[in-house]
Structure formats: C-alpha cells, structure tokens
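Have a look at the structure below before the remarks.
Laboratory data are not the source of any read-out in this text; all were calculated from the coordinates shown. For clarity, every value in this text was computed on a predicted model and none was experimentally measured. Backbone-built Cβ (ideal geometry, glycine too); neighbour counts: all protein chains shown.
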Amino acid sequence: MITTKGISRFALVLALSATILAGCDSDSPTSPNSSSGGGIFIITGDFNTGSTAFLAPDSLTADINLLTVHGDAVARAFDGKVYVVNRLGADNILVLDQSDLRTPLIQFSVGNGSNPQDIEVVSAAKAYVTGLARTDVAIFNPQDGSELGSIDLSAFADGDGLPELTQMAQAGSFLYVLAQRLENFAPVDVSYLVVIDTNTDSVIDMDANTDGVQAVVLAAPNPNGIVVVGSKLIVSQVSAFLDRSGGIEVFELAADGALGSSQGLVVDEQMLDGDINGIAMVDENSGFALISDENFANFVTPFDLATGVVGERLSDLSTGFIQSMEVDGDRLIVGDRGTFDRPEASGLMIFDVNTKQVLAGPISTGLPPASIVILE
Ligand SMILES: [Ca+2]
Ligand SMILES: [Ca+2]
C-alpha cells in the first residue's frame, strides 16, 4: 500500500535525487519504500514496556503494537523466522513466523537470570545462545526449546568469573563469539573473539604456539558489534567510554569462513570523533557507525574501510538515543528514539546509502524503536 503521503514524499525525493545525481553516471535513485526483501521488523519499547512493529516493503507507515514483548529485547531473523531475545528478567526466546508476527510459535526459557544477549540459528533445529550470566554458549533446538548441549567458555572469564559473552556471527561452519570480559560494565584488560567449530561444537585453538586453547585478542576491548560481509569479519570496539581508543577492527576471512589475519583498527574513535556503539555494513568496505559524543548525543557517521576515510555525520537525526540501525539494500534504516524535548522525532529514519541523504522519516513505530531486523 502506497499512501498519499508516501507518493508525495516519493515524488519529492525523486526530484531531489535527480538534482543531486544530475551529470553523474550513477545508478537510479533509491526509493524511500524500495525494500530489498520481506520488510522490517522492529522491537519497540520504553524500557518498561516492550512491543513490536512491522514496516512492509512497499509502505512508509508501520503497523504498530503487534505483540507485547519484554521491555529489554532484541530481535534476529533467520530463514523466515524472527527470534525475539527477551533479556534480563524474562530470560527467554520467543519465535515468530514472519508471515504472522502476532502469533508466537514457541517461547522457551534459556535459564532464569541468564540475561540472554544473542541467538545464532544454524539450522531449523539448532541455535546457539549467549547470556551475560552464563559462562558457556548454550545450544538449543528452537523448534521445541530443548537444550541440546553447551560449549564451555569459562576459561575465557576475567576475575569475576564471567566472560560476558554477547554477540555472535557465523561464516561457513565457524561461529564467532564476542567475549567482552567486563567488571561492572567496564573492560578489565583485553576482550576476545572466540572461534567455534559448529561441526564439532568445540573451541578452535587460535594460537598453536601456546599451551592450551586460545581465543583471538581484539585490537581494543569492549566489542559491541560483529558483522560478516563478503570476505571480511568486522568488529566494532568501544574500549572505555570517552577514551577515543576504540574503533573498527577488520579481519580477513578465507573462502570457507576461517579467520585470517587482522588489519587492526582500520577506522578509530579519533577519526569517528566519539564512542562507537555499533556498525551497519553496506558491503565489505562501506558502512555506517553509531557514535555518541561527550554529551551523549548520538550520531551516524559513514566510513570506508578500503580508504580509511570517515565521512560527514548524517543530517536529520534528532541526536537522541539510537539503539539499532540496519542496511536494507540501498537504504539505511536508523531507529531514532527522539529527545526529551522532541519525542515526536522518534521513529525510523531512512537514508540512501549512496547519497547519504534522508529519504523518509521519522516513521512512527508506536513506542520508540529499540531493535531493527531486515526480513528476507
Ligand atoms: Ca566479567
Ligand atoms: Ca571509547
């Protein structure tokens, strides 16, 4: 459904884009409502109450308040299903079919108090789950919620006994797990990238010259984003807040997904002019970083890993808290939560990844947007 509002904005954007692109040999301009796939699922919330919303591929108006979820939740999507990770206090995973986002297929516990952080689904009947209060990567069957096994990572814990296992990514048969290693939310010393062989569900030793099984030491501590794209594995690392010593580390990946060498911090927090809170990648070089400054104002900054060049901050954002952003084809979808003075700025902001210009938004999600997933 294209609304009247959508058509007028579409026409305006076409006119603007035509002006911008005049004289250059670029692709046709991106439409604000040209999703590459099955639409966008959004977790919304005000930290007390959580809900969900959906933006259809051909729409600029979201369907809101589809289903009540935990007030602190994130979503992932795999193979036609949406997985809602209900974090501390709920400690469960809710599974939806993307064809019916109002009716859960199953909701299963991942351990009381486990504070789940991420789920990585490798097949219909096998998923890996991390939790801040667990020292292992748990293996669940997301079809019936049964726990199939566990990969012990307690050897990678810091002094408080917990390794703070958070986000994961898969490449080939390899599972990459971030171990933040924090005490009271601050990095202790180094953080790790733990590599797991999903065929054997065992940790791969990344240092053959040292006794025991080692993980990879990240270039800076406190990782908060991991993306596999093309032949690269890319990790954002915030280090300590306000210290400007984090950045974006790039690893080469072999054709089978095995980890190659690190290029170190290709883009750092000095260049980004703030603390990095996450990344979204367009391709293996071009991406966007979520940045907060010394006043906790939030920004989105484009970068290029091939050249190391950091671009101008995107305009039209409120400077309010941004928890999530994702690339959808030629569009960047940013979840702007608005500011205290401008709560009406809350919603999805849509940008053209090539021109960096705003295409549409804010598109209201009911409660402010907290976690965005692109459906295939
Ligand atoms: Ca710890
Ligand atoms: Ca920092």
*Label-point separation (nm) for Glu312 and Gln270, each offset 7 Å from Cα along Cα-to-Cβ?*
2.5
*In debye, nearest 20, what is the charge dipole magnitude of the chain about its Cα centre with +1 on Lys and Arg Cβ and -1 on Asp and Glu Cβ, if you could check?*
1080
*Arranged by the count of other C-beta atoms within 10 angstrom, fewest first, what order do Val217, Val95, Val188 take?*
Val217, Val188, Val95
*Pairs of lysine in the chain with Cα under 26 Å and at least 8 positions apart or on different chains: total?*
5
*In a GNM of the chain with a 10 Å cut-off on Cα contacts, which of Leu148, Leu259, Leu101 has the highest mean-square fluctuation?*
Leu148
*Order by neighbour count: Ile93, Ile350, fewest other Cβ atoms within 10 Å first, most last.*
Ile93, Ile350
*Return Leu367, Leu165 ranked ascending by Cβ neighbour count within 10 Å, so the fewest neighbours appear first.*
Leu367, Leu165
*Overall form of the stretch 199-263 per C-alpha gyration tensor (a/c, 1.5; a/b vs b/c)*: oblate
*With each label point set 7 Å from Cα along the Cα-Cβ vector, what nm distance links Met206 and Lys356?*
3.1
*Förster radius 22 Å - calculated FRET efficiency between Ser173 and Ser150, Cβ distance, rounded to 0.05*: 0.75
*Using only the Cα atoms of the stretch 92-218, construct the convex hull and provide its projected area averaged over every direction, in square nanometres to one decimal.*
8.7
*Take the alpha carbon gyration tensor of the stretch 65-150, find the square roots of its eigenvalues, order them as a ≥ b ≥ c, and report rounded if a/c is under 1.5; if not, report prolate when a/b exceeds b/c, else oblate.*
oblate
_Can you compute log10 of I(q)/I(0) for the chain with the Debye formula, treating each Cα as one identical point scatterer, at q = 0.10 Å⁻¹?_
-0.62
